[in-house]
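The values are calculated or read from the model by the stated rules, or taken from the named source; none is laboratory data. Here the structure is a predicted model, which is why all the values come from computation and not from measurement. Here the Cβ positions follow ideal geometry from the backbone for every residue, glycine too, while neighbour counts run over all protein chains shown. Just so you know, the surface numbers come from the protein's heavy atoms only, side chains and all, with ligands and any DNA or RNA stripped out. Shrake-Rupley method; radii C 1.70, N 1.55, O 1.52, S 1.80 Å.
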Amino acid sequence: MKKSKRIMALILCSFLIMGLFNPGISVNAAEQEPIVKWYDYYFEESTEGLFKINVDGKYGFMDQNGKIVIPAKFNGVWDFDQGMAVAYISEQADGTFSYMSRYGYIDKSGKEIIPFKYDFVENFNDGTARVSIDNKWGIIDKTGKEIVEPKYSVMYYPYEGLIGILEGSYSDGKWGFIDTKGTQVIPPIYESIGNFSEGLAPVKLNGKFGFIDKTGKEVLPFMYEYANSFTQGLAVVRIDGKAGCIDKTGKVIVPIIYDDIQVPLDGNLIATVDWKRGLVDKTGKEITQIKYDYIDYFSDGMAVVTINNKQGYIDETGKEVIPVKYDFADNFSEGVACVGIDGKAGYIDKTGKVVIPFKYDYPSEWVDSNFNDGFAVVTLNNKLGIIDKTGKEITPINYDIIRQFKEGLALVGLSTPGAYEWDYNYSYGYVDKTGKEIIPLQYSNAESFKNGIARVEMNGKYGLLQNPLLSKTEPEAKAAETDAIIAKPTASKLMLDGELIPIEAYSINGNNYFKLRDLAMMLKDTGKEFEVTWDGNANAINILTGKAYTPVGGELAVSSNSDEKIAKVTNSKVLLNGEEISFEAYIIGGNTYFKLRDVGMVIDFQVTYDNATKNIGINTSSGYVK
């Protein structure tokens with residue numbers, strides 16, 4: 001008998017050894033010890049594959065493998081943007097307790113590429129950045145050359161190639177416009193200005209607003225008490241304290257009878273009279289009564305409206321599709337919305353039908369009750385849980401903190417009272433989509449997963465936790481060893497003027513990227529056409545606007561391979577009609593991919609996104625709108 005037990009024990013041990021060391025036998029993720037790389041110094045996620053680190057009050061960067069790539073020697077650093085990061089060094093002023101900071105720029109090796117001499121700087125946009133010294137603003141390029149000498153009291157961001165500037169003080173100075181090279185285009189003669197949009201800018205002269213074009217020519221007379229920049233072909237103006245909208249000819253489209261008008265980037269306008277709101281279309285027609293205390297933004301084709309602290313929903317035509325009867329109403333997401341009545345919350349669909357019963361408490365402001373990827377967080381007796389769209393509770397409702405699922409896992413946490421009334425101790429872990437605690441609640445602080453890792457804290461140390469549900473793909477493994485990031489095939493479809501266009505695209509950090517030649521081919525003969533050429537000697541891609549595209553073959557070809565790929569920032573210059581511009585572009589699979597909105601901005605076509613269908617749209621009949 002004893003001999004038999006020894007044999008069975010040996011057999012069991014051999015199976016255990018095979019399970020642990022044979023790669024062909026898998027171990028359940030929940031049974032694995034979490035893989036964490038621990039560090040003594042604080043760090044937080046940055047951009048472009050790097051993490052900011054803080055060592056003894058100084059800042060630097062490490063990569064996703066924990067290797068310090070830029071030593072912690074700066075008093076502060078910003079996120080990397082286009083391969084550059086703002087950093088600053090602070091020094092104590094002589095004989096005082098105050099500190100002076102000097103800002104400059106570093107590359108990913110930590111090399112100083114623009115000297116630390118400015119009082120303040122900003123990130124680069126279109127190849128230039130605003131900088132300040134001695135309370136005066138100017139512009140530099142990526143080499144640090146001062147394109148515009150820091151001499152202006154105020155300097156706006158560039159809009160449509162022109163920059164608003166103030167000469168003198170706020171009280172008696174004058175405003176004008178320069179171009180991105182610093183050349184004065186419109187002299188500083190105005191009392192106030194707005195940004196250029198759709199070719200025109202509102203300016204104030206002798207106490208009245210009018211509109212000028214980019215040459216400074218008066219296009220619309222100085223007759224308004226106030227005027228906003230154009231959006232959707234309309235500009236809000238005021239006369240005798242009332243607001244309305246005009247078009248670019250000065251014709252009144254929305255009568256100047258309202259207390260206020262809001263013009264969103266797309267869709268209908270919101271008009272206000274005596275603190276009541278309603279919708280007005282772009283022809284000036286009121287499509288709802290002006291009766292609501294509040295109209296929220298549209299989400300999933302519906303907007304929350306409020307009357308006397310009761311809430312309901314209207315659709316994009318202005319129809320009140322769900323009565324204003326709820327004490328609480330959240331935005332629609334994935335076809336349903338969380339609403340509350342008589343102290344209990346549930347979910348309804350777009351017809352108002354109850355799809356999840358009213359049995360939960362109202363969510364607090366910091367709880368996201370919207371469905372995301374089929375799951376939502378609910379509240380009961382001050383505790384949180386997760387439900388699916390059938391209403392099934394996939395976790396117990398006993399957590400104090402829950403975040404939405406990321407990479408298959410949701411961050412959950414519990415709190416316990418600390419030494420003081422206001423003090424709490426937290427423990428964090430992760431659950432999968434079945435509600436199982438895959439990683440125990442053992443961390444004193446934690447974040448959601450991103451790119452296969454999450455930042456966690458325990459016992460005064462800081463760690464990078466690997467997602468146990470993910471095994472590194474070949475692109476991810478390679479990307480971890482370089483400065484590359486992962487490009488994922490986009491799930492969205494592209495519509496060109498309402499027509500579906502099959503095209504290969506990738507998503508990077510939430511933005512959609514397309515091959516430049518695919519876009520040029522697609523826009524051929526649309527009035528927004530452009531040519532693409534390559535200058536090998538200058539290592540430059542040249543975009544030539546207004547010229548017919550010359551196909552080279554292979555445009556609009558869609559690969560059958562839908563795998564993730566490595567994306568690496570291109571080192572090629574990008575020229576627009578021969579002049580260098582700053583574009584965020586990546587090499588993916590040997591081709592250069594560009595952010596669609598960047599291309600839309602320089603070619604001047606409208607880019608839209610439909611939350612309901614997840615479709616990306618290009619509208620060639622409209623100009624670019626930020």
Members of region 298-318 that are assigned to a loop (DSSP other than H, G, I, E, B) and touching a residue at least 24 places away in the same chain (Cβ under 8 Å): Phe298, Asp300, Gly301, Glu316, Thr317, Gly318
Matching residues in region 167-191 - criterion: being assigned to a strand (DSSP E or B), in contact with a Leu (Cβ under 9 Å, 6 or more places away or on another chain) and not aromatic (Phe, Trp, Tyr): Lys174, Gly176, Ile178, Asp179, Val185, Ile186, Pro188, Ile189
Top-ranked residue of region 261-274 - restricted to ones that are open to solvent by 80 Å² or more (accessible area, probe 1.4 Å) and at pLDDT below 95, ranked as farthest from the chain's Cα centre (by Cα): Gln262
Residues that are surrounded by fewer than 15 Cβ atoms within 10 Å (Cβ to Cβ) and more than 19 Å from Lys450 (Cβ to Cβ), drawn from region 361-390: Ser364, Glu365, Trp366, Gly374, Asn381, Asn382, Thr390
Residue check for Gly267: assigned to a strand (DSSP E or B) and more than 30 Å from Gly173 (Cβ to Cβ): no
Positions within region 602-619 being at pLDDT 85 or above, surrounded by fewer than 20 Cβ atoms within 10 Å (Cβ to Cβ) and either more than 30 Å from Phe332 (Cβ to Cβ) or of a type in the set (Phe, Trp, Tyr) (or both), in sequence order: Val602, Asp604
Count - residues of region 345-360 that are surrounded by 15 or more Cβ atoms within 10 Å (Cβ to Cβ) and among the charged types (D, E, K, R): 1
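Matching residues to (1) modelled with pLDDT under 95; (2) closer than 22 Å to Gly335 by Cβ; (3) under 31 Å from the mean Cα position of the chain (by Cα):
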| site | (1), (2), (3) |
| --- | --- |
| Ala345 | no, yes, yes |
| Gly352 | no, yes, no |
| Lys359 | no, yes, no |
| Ser364 | yes, no, yes |
| Val378 | no, yes, yes |
| Gly385 | no, yes, yes |
| Ile402 | no, yes, yes |
| Ala410 | no, yes, yes |
| Pro417 | yes, no, no |
Test: residue in region 557-574 that is at pLDDT 85 or above, in a loop (DSSP other than H, G, I, E, B) and surrounded by fewer than 19 Cβ atoms within 10 Å (Cβ to Cβ): no
Cβ-Cβ under 6 Å pairs, at least 6 apart or on other chains, region 575-591 side in a strand (DSSP E or B) and modelled with pLDDT under 80, far side open to solvent by 60 Å² or more (accessible area, probe 1.4 Å) and not acidic (Asp, Glu): none
Lone unmet requirement of (1) hydroxyl-bearing (Ser, Thr, Tyr); (2) more than 19 Å from Met62 (Cα to Cα); (3) at pLDDT 90 or above for Tyr424: (3)
Check on Gly546, under 23 Å from Ala410 (Cα atoms) and at pLDDT 85 or above: no
Filter result (closer than 20 Å to Val36 by Cβ, outside any loop (DSSP other than H, G, I, E, B) and not small (Gly, Ala, Ser)) within region 402-424: Lys406, Leu409, Leu411, Val412, Leu414
Among residues of region 137-161, those that are surrounded by fewer than 16 Cβ atoms within 10 Å (Cβ to Cβ), modelled with pLDDT under 90 and of a type in the set (Ser, Thr, Tyr), counted: 1
Counted residues, region 162-189 - those being closer than 22 Å to Met601 by Cβ and either exposed (fewer than 13 other Cβ atoms within 10 Å of the Cβ) or charged (D, E, K, R) (or both): 3
